[in-house]
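Enquirer: Take a look at the following structure, please.
Each value in this text was obtained by applying a stated rule to the coordinates, not by laboratory testing. What you are looking at is a predicted structure, and each value in this text was computed from that prediction instead of being measured. Cβ placement follows ideal geometry from the backbone for every residue including glycine, while neighbour counts extend to all protein chains displayed.
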């Protein structure tokens, strides 16, 4: 199947974002995704970023690097895109932009933060 120009551009952007990100932050953020996925059946990256801001010792210059982190979690079959409509972000910096809802594949059964 041939990818559209938009799909190619998206993949290129995600790869560039991952290459430019702090590797330590990427690993810490991935660990946070696992924590959230164990605790919540459905979530957006808003929930992940709330914990990243609390727990991660490292930072990265561009938070769009969360996209590659979520892609990794999906590749590793920890999460998948939920069959739900996007939810507007609660993060002020994102101006209520629609966020993908993720479904955990490792959820332990009791939703909690």
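Enquirer: Separation between the residue 22 and residue 9 pseudo-spin-labels, each 7 Å from Cα along Cα→Cβ, expressed in nm?
Expert: Going by the 7 Å Cα→Cβ label model, 3.0 nm.
Enquirer: So if each residue of separation counts as 0.36 nm, and I subtract the Cα-Cα distance between residue 100 and residue 54, what length gain in nm does that give?
Expert: That pair, residue 100 and residue 54, stretches by 14.4 nm at full extension.
Enquirer: How many Å³ per residue does the convex hull of the Cα positions in the chain occupy?
Expert: Per residue, the Cα convex hull of the chain comes to 119 Å³.
Enquirer: Related question: Any chance you could run the full-extension gain for residue 91 through residue 72? It's 0.36 nm times the residue separation minus the Cα-Cα distance, nm to one decimal.
Expert: 4.6 nm
Enquirer: Grab the beta carbon distance between residue 62 and residue 41, set R0 = 25 Å, and tell me the FRET efficiency rounded to 0.05.
Expert: Given R0 = 25 Å and the Cβ-Cβ separation, E is 0.30.
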